[in-house]
């Protein structure tokens, strides 16, 4: 479960009946309908040559917690059915765990009872459930003027130069790019790279950047539930994450304090930071600057090139080759999922923030 | 609170009575005494020219949950009293928040009621509480043969080359270095850098690496409570963290799948990964390889060089200069704190793992 | 959510698409299939003259977390679809909250956005979701030899005399009674009373007793998560509960200590309590005796007799009369739900208990 | 831990260094000082012939989270030191668990490592920690006009007739009674009974009633976190509880629906319930009427009369006699502890309520 007040659970398997999400603690009155969900889900939809050739029909169904198109305050259940899938490949390889995947750890942890078809709960398909939950969280944030954007800033050795802006144009630029990169030039080079890598029967890693605008000063609940820590934990729910960094991130290790500190200045009467090396968070609390962070994604583990593994039935070395239908770069489809989990964490901390703010005038008198 | 079964809370202020930790859910029978705690606390003790010249006497006192030197199963309370401190500097600057610090966000979030002296709960002094909690967690892990080591691998532009080993010698090499770096050559250069930076009235960032050996396959509770996600969240409790990456980390974004995947091979009859680009975690679950991750620390925000800020009382621009007693590089003293929170998360997931494992033979029959 | 390790959420509305449950933290390898669920659900099925004349087809569908009939360790989603229902009555009364129901509080708390049809999430129909979750919990408990029985011991002024036994015959005696009361004579009188009350257009309250056999010594996590406290909280999830008491319960207020204390004696070499005034729990921890408690249920709030209320649209006094399809005594159908939530709490505490027990030999050496 | 937003943990042992509480999530700006705490603690202070002759000096010390007499928003730590105590009696009986106490279950659950002196964490002394936490919660509630009163309504066969009122006089009447019973006549008879029972070397049970005034409509978070369920769970943290009932409680089992339902009527333009059989809660949500519930307390387990037990060292039957310093009726000193945990639960749900209410105008527009 992600969140303590706005609480999101996800469930489902790649080759099972469905994936989906249960949202508990969502306030009443928010628009939640299939159109809204479909719009968000389409942003992670595969289909182009750059993502998996599978034709997924992500048809979300709202099963509970919504009445006449609005959240009711009761738990919200959203389900996205799976289409019939061919699981024969997975039967063939069920004793030979795919390197880089969770096959081996799942088999050990779940005593061999796990649904191994398509990675089961470890499938990237679970991100559809995250995106659905994020769609609801974003409706809540929208009421507060908070908007979140996630986009690809790096694939392999191609790095983009992105200046995020809180505007419909920026959103469109992200959505228009087949690699979710709003820097058109870089996007083109990324496309080329992904296509080349796919032809080689290989895959490639990437970096997703996220920015949240209009986050009020004060979200986060230190010592333990820092805003950055909660975001960091949540992004690891997205498959393939290997790192997360805020603001200047790892680069800050090479900086001097006099350079890394963000000076506080007045702008239009408001106290703001002049720079944003902190990524919008100090001491685990939002400081009013955009919350900015980057997430590193590993290359898709499944590749057509042969990979060494072990046959767990015979306990002998084995070689496995990936099967065709996988994105060569998971970072692309992961971007909307990172955006979604960020929205969920912000929604949770926004509600937690109001639990104090609502009492403020009564306490201070 | 960190953890769901082995649960750690920290409390206290830099210039208040004490800092400390409450540990709930710790099993009975573990050695918990002041000597044990003192040994751990000494590892974060300042005193050399490289860390703060303050002479802190970290005298831990076990207040509850321990009987005749052993944990009883009841909540454990450990307190570390503060020495008398001069808070006059903080009175002088209380309206001019220090850039890079949590001064400004704390004032807003806590409606001006926060203890601003020495950073209050945002002080690095809270890491003493984390280290105390970690000492108890490490006793639990020790019973299972799990050992955790954190050490500095980078300060500014000086990078170390460290080959972690699960041995007393490795521990000694860490502890012997004034910068907590077991690479002697790099340690020397780091020392020089830190000294030079201090003389300039500035500070510098760094990177702490952590490795946990002998973690059994299967720790982690996906989808939401991944092992890497829980570690990532916990490290943000340590002040000054700006990023965390596992295994190949951000470098993996530039890799091909065929290269990033860790082949599964047999070693002495056991299934192991040949490489460790995954950092010991797949799909949020430990895979039996050492759990390896790195944490980026910002430079100490307090520097002697002048910094621009805003006087919140007069709403006018202001300039502030740091006061003398601060570590020029917080990464050094943070290393034991990272080690401690890692131990806490592993202890929690170890106990959670047993909640299923204990039923295994009964269920599988 | 009920539970901390074995975690159960319920969702759904009376006149919405479905009700159901999400179970997180369930170990792998347990039998979970529609037959098992159907068997349990049948125990709360209405149809006789004593319960609602509605013909509910409680067809459970396992949507996630189960593979080849066994739990996988992933979140389990179970859905029970609602049949088409006539909601016209509820449209007519939506501004006149039914006394004793949650109509009024729901309207206020949920800002008028709640699904008011059939009580929405406050409907007794949610107990089907609880029973489904309980079916899974009972499979876990069964592996440990723990069995739970809930039955009616009182309806109105008719009190039963029940000597609970851990046997298939006892289970059958409960299931055979149309009022879930294993005391045949009392059962007959209860039937008569319920029928008479129904004819009067009224309803009647009752008491459900629960006993859990073979609970090992040591379940419960004081100070806060006591076993009795967690059970007490969970039973309030069942609609209509107004009280819960363990062992001698409220009667103990009139007793002397010398009489209330359960002497410890040896039986077959084992330490047991001679009496069970404590209801199997001391200090929040199971003591090895059967866990015994009783739950008081209010009469069904909906009655055909006229009830005074307020029209919230006009802000004028109003009178409302219940509509036909309601059980005259909710305690009857609530019994399986109480059994279910008890099983869930015991399953949770059993797994929590193993989180320590699994480490026992490693710690004590 | 009690609570999810306003979170209270208690710790400590009867014969250890201290008892105390850690409060996390408390908003800033509340008065928290030793005087306030002392006033509350005095209400559970023994000393008269009716309670234990021990002279406890409950000197609370605020250790963290408070600055200049006000809460800061950081975790609040309050400690109450124990006086030196004679533990020799407990050494003598450590192998012969006292019937009715938690001695036996503690020894089993905690593998013999528990602090058995004076009952360790199971001691009634922990209620001092609860009362301290409750004092802070009551400050929060006070800002909202919510007030909580707990008082004794029954001891043995003596029942009081109490009409609770939200007034200083009612508070004084409770505090003035040596048995915490505001019905003066009943109080006198209770005193006599307790004295007589004490002379007999026995103890006696009782019932504590609690009423909370001015609770707004809408507190409670169903399905799982009902307001009544959370209160029910919290009262089991107080030692010796065997039952809890709201409003008409168990009596409702004998009622008809037409009689049990609380009619909704208009009073001064407000919708209120005419009667309060529901005890101020419908569907797990406060309905605006006073929240009223009763808690059954067992007689003090320690009695001077001989009790049968088992010597766990020799595995032979044994007889044990209580030692002198115990309250003959724990219900009396438990009343302030019930009041305290009720305040904590209400404070938690009040803050949770604001997490939605704060967004209300933004969502509804």
Task: Residue in region A:192-201 that is part of a loop (DSSP other than H, G, I, E, B), at positive phi and at the interface with another protein chain (Cβ under 7 Å from one of its Cβ atoms) present - done: no
Open item on the list: Suppose we filter region D:251-298 for residues that are assigned to a helix (DSSP H, G or I) and either in contact (Cβ under 8 Å) with a residue 24 or more places away in the chain or buried (at least 24 other Cβ atoms within 10 Å of the Cβ) (or both); how many remain?
Closed with: 4
Task: Verdict on residue D:212 being more than 7 Å from chain C (Cβ to nearest Cβ), buried (at least 24 other Cβ atoms within 10 Å of the Cβ), touching a helix residue (DSSP H, G or I) at 6+ places or on another chain (Cβ under 7 Å) and more than 27 Å from residue A:76 (Cβ to Cβ) - done: yes
TODO: Could you tell me whether any residue of region D:158-167 is closer than 30 Å to residue A:360 by Cβ and in contact (Cβ under 8 Å) with a residue 24 or more places away in the chain?
DONE: yes
TODO: Within region B:163-191, count every residue that is over 25 Å from residue B:130 (Cα atoms) and assigned to a loop (DSSP other than H, G, I, E, B).
DONE: 2
Task: Among the candidates D:317, D:301, D:328, residue that is at the interface with chain C (Cβ under 7 Å from one of its Cβ atoms) and outside any strand (DSSP E or B) - done: D:301
Open item on the list: I'm checking my understanding of the structure. Among residues of region A:150-164 that are over 25 Å from residue B:283 (Cβ atoms) and surrounded by fewer than 24 Cβ atoms within 10 Å (Cβ to Cβ), which one is nearest to the other protein chains (Cβ to nearest Cβ)?
Closed with: A:157
TODO: Having 3 or more residues that are surrounded by fewer than 24 Cβ atoms within 10 Å (Cβ to Cβ) is the bar; report the helices (runs of 4 or more DSSP H) wholly within region B:80-144 that clear it.
DONE: B:88-93, B:126-142
Open item on the list: I'd like to check something: does region B:228-247 contain any residue that is at the interface with chain A (Cβ under 7 Å from one of its Cβ atoms), under 19 Å from residue A:156 (Cβ atoms) and buried (at least 24 other Cβ atoms within 10 Å of the Cβ)?
Closed with: yes
Task: Per-region count, region D:8-34, residues assigned to a strand (DSSP E or B) and at the interface with chain B (Cβ under 8 Å from one of its Cβ atoms) - done: 9
TODO: Within region A:288-298, count every residue that is more than 9 Å from chain B (Cβ to nearest Cβ) and under 20 Å from the mean Cα position of the chain (by Cα).
DONE: 4
TODO: Might you let me know whether region D:220-227 holds any residue that is more than 7 Å from chain C (Cβ to nearest Cβ), under 22 Å from the mean Cα position of the chain (by Cα) and part of a helix (DSSP H, G or I)?
DONE: yes
TODO: Being closer than 24 Å to residue A:224 by Cα and either at pLDDT below 95 or assigned to a strand (DSSP E or B) (or both) narrows it down to one of B:50, B:77, B:37, so name that one.
DONE: B:77
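Quick grid of which residues meet (1) more than 9 Å from chain D (Cβ to nearest Cβ); (2) within 25 Å of the chain's Cα centre (by Cα):
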position	(1), (2)
C:61	yes, yes
C:64	yes, yes
C:72	yes, no
C:98	no, yes
C:105	no, yes
Task: The listed residue being surrounded by fewer than 24 Cβ atoms within 10 Å (Cβ to Cβ), in contact (Cβ under 8 Å) with a residue 40 or more places away in the chain, under 30 Å from residue C:102 (Cα atoms) and under 29 Å from the mean Cα position of the chain (by Cα), out of C:304, C:308 - done: C:304
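The values are calculated or read from the model by the stated rules, or taken from the named source; none is laboratory data. Small disclaimer: the values here were computed from a predicted structure and weren't measured. Cβ: placed from backbone, ideal geometry, glycine included. Neighbour counts: every protein chain shown.
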